[in-house]
Amino acid sequence: MLKHMATVVSINWIKTIYFNFKYLPINQAIKLPVFVYKAELLKCNGQVRIESDCIKPGMIRLGIRVVSLYPNNGIMWENHGGTVVFKGTCQIGNDSSISIGKTGKITFGNNFKNTAALKLASYCGISFGNDVRVAWEVIIMDTSFHQLKDINGNKIGEPYKEIIIGNNNWIPVRSLVLKGTKTPDFTIFGATSILNKDYTKGPTHSLMAGQPLKIKAEGIWRDMNDDGIIYESKHL
């Protein structure tokens with residue numbers, strides 16, 4: 001009960017009302033589907049859409065404190081003109097930042113959850129499938145922010161490329177997801193993974209880890225609705 005009350009109190013109601021009525025049609029905004037916790041709203045341009053048949057209060061929570069290991073400073077929101085689409089419920093933890101460029105687009109599939117310290121930058125396109133979990137201190141960006149040239153001054157390489165994360169993916173602590181990443185459904189990645197290419201030719205229901213990433217196990221997956229652990233002391 002006390003935890004629930006603390007969560008409600010930490011909602012910034014002024015910014016919550018502003019965010020909803022700034023971005024959403026009136027029939028959605030009046031339901032306050034987006035709860036904004038401690039937040040720095042640097043830029044509120046562009047569009048936000050909720051594409052769901054079930055619109056309810058607080059279905060999207062930005063900057064909520066889920067774990068106590070990170071500062072309770074909410075979320076930084078910076079949209080220079082891009083688009084953000086929510087397909088259903090979404091939770092983004094505290095100490096997180098979202099930056100969307102004029103040509104950026106982020107799509108969150110239903111039941112997206114991040115615990116804390118997510119750094120997300122889109123200046124091209126980032127798409128998450130349904131039931132995606134993103135752990136602490138993960139950086140996801142579809143651009144390198146810089147253009148390289150050869151010795152003759154010709155531009156080389158692609159400074160940005162779309163990222164597509166499959167359904168039921170688990171991206172764990174301190175992972176780095178770079179431009180051009182595509183992942184299969186039902187994939188678990190090891191801690192501190194670096195994702196930077198198309199992995200969809202590989203199998204679903206697999207564990208990938210190492211540098212570079214390699215398949216370590218197949219036929220496994222994380223059930224997002226049944227993955228609690230009961231700790232038992234062997235010294236009692």
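Consider the stretch 77-104. How many of its residues are farther than 28 Å from Asn225 by Cα and either within 12 Å of the chain's Cα centre (by Cα) or crowded, with 19+ Cβ neighbours inside 10 Å (or both)?
Of the residues in the stretch 77-104, 7 are farther than 28 Å from Asn225 by Cα and either within 12 Å of the chain's Cα centre (by Cα) or crowded, with 19+ Cβ neighbours inside 10 Å (or both).
Which ones in the stretch 71-100 are assigned to a strand (DSSP E or B) and in contact with a Ser or Thr (Cβ under 6 Å, 6 or more places away or on another chain)?
Across the stretch 71-100, the qualifying residues are Ile75, Met76, Glu78, Val85, Gly93, Ile100.
Of (1) open to solvent by less than 10 Å² (accessible area, probe 1.4 Å); (2) under 17 Å from Leu207 (Cα atoms); (3) out of contact with any Leu (no Cβ under 8 Å at 6 or more places or on another chain), Asp131 satisfies all except one. Which?
(1)
Where residues in the stretch 111-124 are open to solvent by 10 Å² or more (accessible area, probe 1.4 Å) and either assigned to a strand (DSSP E or B) or at pLDDT below 95 (or both), which of them is nearest to Pro159 (Cα to Cα)?
If we take residues in the stretch 111-124 being open to solvent by 10 Å² or more (accessible area, probe 1.4 Å) and either assigned to a strand (DSSP E or B) or at pLDDT below 95 (or both), then Ala121 is nearest to Pro159 (Cα to Cα).
Output the residues belonging to the stretch 24-70 that are assigned to a loop (DSSP other than H, G, I, E, B), touching a helix residue (DSSP H, G or I) at 6+ places or on another chain (Cβ under 8 Å) and crowded, with 20+ Cβ neighbours inside 10 Å.
Scanning the stretch 24-70 gives Leu32, Pro33, Arg65.
Considering only the stretch 143-155, how many residues are surrounded by 10 or more Cβ atoms within 10 Å (Cβ to Cβ) and either part of a loop (DSSP other than H, G, I, E, B) or touching a residue at least 40 places away in the same chain (Cβ under 8 Å) (or both)? Steps first, answer last, please.
Within the stretch 143-155, the subset surrounded by 10 or more Cβ atoms within 10 Å (Cβ to Cβ) is 143-145, 147-149, 155.
Filter once more, so that each one left must be either part of a loop (DSSP other than H, G, I, E, B) or touching a residue at least 40 places away in the same chain (Cβ under 8 Å) (or both): 143-145, 147.
The number of residues fulfilling the criteria is 4.
Against the condition open to solvent by 50 Å² or more (accessible area, probe 1.4 Å), aromatic (Phe, Trp, Tyr) and over 30 Å from Asp53 (Cα atoms), how does Tyr160 come out, does it pass?
The answer is yes for Tyr160.
Which members of the stretch 185-205 meet the condition of being open to solvent by less than 30 Å² (accessible area, probe 1.4 Å) and either charged (D, E, K, R) or not in a loop (DSSP other than H, G, I, E, B) (or both)?
Thr187, Ile188, Phe189, Leu195, listed by residue number.
Exactly one of (1) in a loop (DSSP other than H, G, I, E, B); (2) within 26 Å of Gly101 (Cα to Cα) is unmet by Ser127. Its number?
Of everything listed in (1) in a loop (DSSP other than H, G, I, E, B); (2) within 26 Å of Gly101 (Cα to Cα), Ser127 misses just condition (1).
May I ask you to verify whether Ile140 is within 24 Å of Asp95 (Cβ to Cβ), crowded, with 20+ Cβ neighbours inside 10 Å and touching a strand residue (DSSP E or B) at 6+ places or on another chain (Cβ under 9 Å)? Explain how you work it out, then say what you get.
On the way: within 24 Å of Asp95 (Cβ to Cβ): yes; crowded, with 20+ Cβ neighbours inside 10 Å: yes; touching a strand residue (DSSP E or B) at 6+ places or on another chain (Cβ under 9 Å): yes.
Here the answer is yes, as Ile140 does meet what is asked.
May I ask you to say which residue of Thr103, Thr107 is farther than 22 Å from Asn72 by Cα, without any contact (Cβ under 8 Å) to a residue 40 or more places away in the chain and in a loop (DSSP other than H, G, I, E, B)?
So the residue among Thr103, Thr107 that is farther than 22 Å from Asn72 by Cα, without any contact (Cβ under 8 Å) to a residue 40 or more places away in the chain and in a loop (DSSP other than H, G, I, E, B) is Thr103.
Hey, among Arg49, Arg65, which residue is charged (D, E, K, R) and more than 20 Å from Lys119 (Cβ to Cβ)?
Arg49
Within the stretch 163-184, track down each residue that is part of a loop (DSSP other than H, G, I, E, B) and open to solvent by 60 Å² or more (accessible area, probe 1.4 Å).
Within the stretch 163-184, Arg174, Lys179 qualify.
The values are calculated or read from the model by the stated rules, or taken from the named source; none is laboratory data. This is a predicted model, so every value here is computed, not measured. Here the Cβ is made from the backbone with ideal geometry for all residues, glycine too, and neighbour counts use every protein chain on show. To get the accessible areas, we keep the full protein, side chains included, count just its heavy atoms, and leave off ligands, DNA and RNA. Shrake-Rupley method; radii C 1.70, N 1.55, O 1.52, S 1.80 Å.
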